[in-house]
């Protein structure tokens, strides 16, 4: 019923939202002589805030058309190099002529950034991608919203995610470097182990895990405690809903992104309330830059996607309740047990944030102990001071302090 109530609420408030838009436009029109008065600015700010709080947030655009490399602008085009009904492998290809002008004449490492499938779109990693584009040939997993996939396309579960990673790495070929951001860590590690056991030539050259729950038993946080304290049946009974028409995925059972969003926002409810109050005040005072920054953040933050029932529930079970991967008991759907000690020549780096309240310090670096067959010379562990979960892969400290370390690690393990 959640979807039905959500649709009803959206439709019920539509007339008020249209009225708010007209009011906003009227009181922001430069031809309106009262627009620049305190009264006009307050009316405009209230109408704009109401519109933003009640409108739908679709998938954001990538907005990555160019990057600056050593002071030279380099154009970027996007191409889909591999796809399935559930994912598009997006290549952010830099123009070679621009690269030569920037002094880059040799092939640079290929990096596959594995975006999380945890409620937000891959565009959440826009800043991460732009940073990596300075020195790498970048590919990103652009996961498809489950409510947009027809039921006829079948299931997509935890083990299908592992197979998707393997297929994409094979498509890119040898010497690919994996960067797993948050949620995909266990799946990426399992995929690398299976490829290593099979001695595949296309197995990755290195893997970097950023704020990933490799072993969620360590350093418990609010999300991990919730997953452990609630019985498995509670998640299935309370968090799974059916997609209604007219969505292409009608009748598919999903974990709605809106539920995930409400959970995250409740963890920092006061902060979000203050942010919207500040946005209102910025509009009244005419601080357009601050207001634009607020809109840019929430346009991304409030854009959410649904996950399939089977993927979400298996993640709860495998990662947060049974802890199958760190216990050495994860069995892939082909009947094989995932052996992390089979990894012997794939570089391993873990990055954690000192103040991470999603994946606490220790959960990600657990990978070093689990990959017992990997020599220490191939391992690197780093904990970034003074950053939370988001700061592990985005923001100033990521660009200035974390990324240079990751770049050097990848370069040391690049076969090119």
- Task: Quick one: order 333, 368 by neighbouring beta-carbon count within 10 Å, fewest to most.
- Result: 333, 368
- Message: For a quick check, take a GNM of the chain with Cα springs below 10 Å and name the residue from 104, 399, 166 with the largest mean-square fluctuation.
- Response: 104
- Among beta bridges assigned by DSSP with both residues in the chain, the antiparallel ones amount in percent, to the nearest 5, to 50
- Mind sorting 400, 135, 299 by how few other Cβ atoms lie within 10 Å of their own Cβ, fewest first? 400, 299, 135
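Rg to Rh for the range 82-238: what is it, with Cα atoms only and Rh by Kirkwood?
Numbers: Rg = 17.4 Å, Rh = 17.2 Å.
Checking Rg against Rh, the ratio lands at 1.01.
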- Could I have the simple spin-label model distance between residue 81 and residue 238, label points 7 Å from Cα toward Cβ, reported in nm to one decimal? 4.3
- Does anyone have the angle between helix 2-26 and the longest principal axis of the chain? Alpha-carbon axes, 0 to 90°, nearest 10? 50
- Query: How large are Rg and Dmax for the range 155-254 when only the alpha carbon atoms are used, in Å?
  - Reply: 17.0, 46
- Share of Cα-Cα pairs in the range 182-225 lying beyond 18 Å, as whole percent: 38
- Both in Å, the radius of gyration and Dmax of the C-alpha trace of the range 269-355 are 21.8, 63
- Item | For the chain, diffusion coefficient by Stokes-Einstein and Kirkwood Rh (Cα), 10 °C, 1.306 mPa s, µm²/s | 69
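Between Rg and the Kirkwood Rh of the range 118-209, both from Cα atoms, what is the Rg to Rh ratio?
Values: Rg = 13.9 Å, Rh = 14.4 Å.
Ratio of gyration radius to Kirkwood radius for the range 118-209: 0.97.
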- Taking the convex hull of the Cα atoms, report for the range 21-104 its projected area averaged over all directions, in nm². 10.1
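Of 350, 208, 23, how do they rank once you tally other Cβ atoms within 10 Å and put the fewest first? Don't skip to the answer; put the middle values down first.
Values: 350 23, 208 28, 23 17.
The most exposed by this proxy come first: 23, 350, 208.
Seen from all sides and averaged, what is the projected area of the convex hull of the Cα atoms in the range 1-142, in nm²?
Values: hull surface 52.8 nm².
Average of the hull's projected areas for the range 1-142 equals 13.2 nm².
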- Highest GNM mean-square fluctuation, the chain, Cα pairs closer than 10 Å: which of 193, 216, 45? 45
- Query: Taking the chain as a Gaussian network, where each spring joins two C-alpha atoms under 10 Å apart, which residue of 183, 278, 384 fluctuates the most?
  - Reply: 278
- How many nm separate the modelled label positions at residue 300 and residue 281, each set 7 Å beyond the Cα in the direction of the Cβ? 2.5
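State, as an integer percentage, the relative contact order of the chain based on alpha-carbon contacts under 8 Å between residues 6 or more apart.
So the answer I get is 18 percent.
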- Message: On the principal axes of its Cα set, how long, how wide and how thick is the range 206-288? Give whole Å, largest value first.
- Response: 49, 42, 34
- Task: Quantify how much of the Cα-Cα distance distribution of the range 314-371 extends past 17 Å, in percent.
- Result: 49
- Message: Can you tell me the orientation of helix 269-285 relative to the chain, as the angle in degrees between its alpha-carbon axis and the longest Cα principal axis, to the nearest 10?
- Response: 50
- Note on the structure: Short to long, in 10 Å steps from zero, the percent of alpha-carbon pairs of the range 311-416 per bin is 13, 35, 36, 15, 0
- With each run of n ≥ 4 DSSP H residues scored as -39500 (n - 2.57), what mean residue ellipticity at 222 nm is computed for the chain after dividing by its residue count and rounding to the nearest 500 deg cm²/dmol? -12000 deg cm²/dmol
- Using all C-alpha to C-alpha distances in the range 151-190, build P(r) with 10 Å bins and read off the rounded percent in each one. 27, 51, 20, 2
- Query: So if we plug the beta-carbon distance of residue 408 and residue 18 into 1/(1 + (r/R0)^6) with R0 = 51 Å, what FRET efficiency do we get, rounded to 0.05?
  - Reply: 0.45
- Based only on Cα atoms, what Rg/Rh ratio does the range 42-91 have, Rh being taken as Kirkwood's radius? 1.23
- Message: If I fit a long axis through the Cα atoms of helix 38-54 and take the longest principal axis of the Cα atoms of the chain, what angle between them do I get, 0 to 90°, rounded to 10?
- Response: 40
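Any read-out appearing in this document is the output of simple, stated calculations on the displayed coordinates, not a laboratory observation. Quick caveat: nothing in here was measured; it's all calculated off a predicted structure. All Cβ positions, glycine included, derive from the backbone under ideal geometry; neighbour counts span all protein chains shown.
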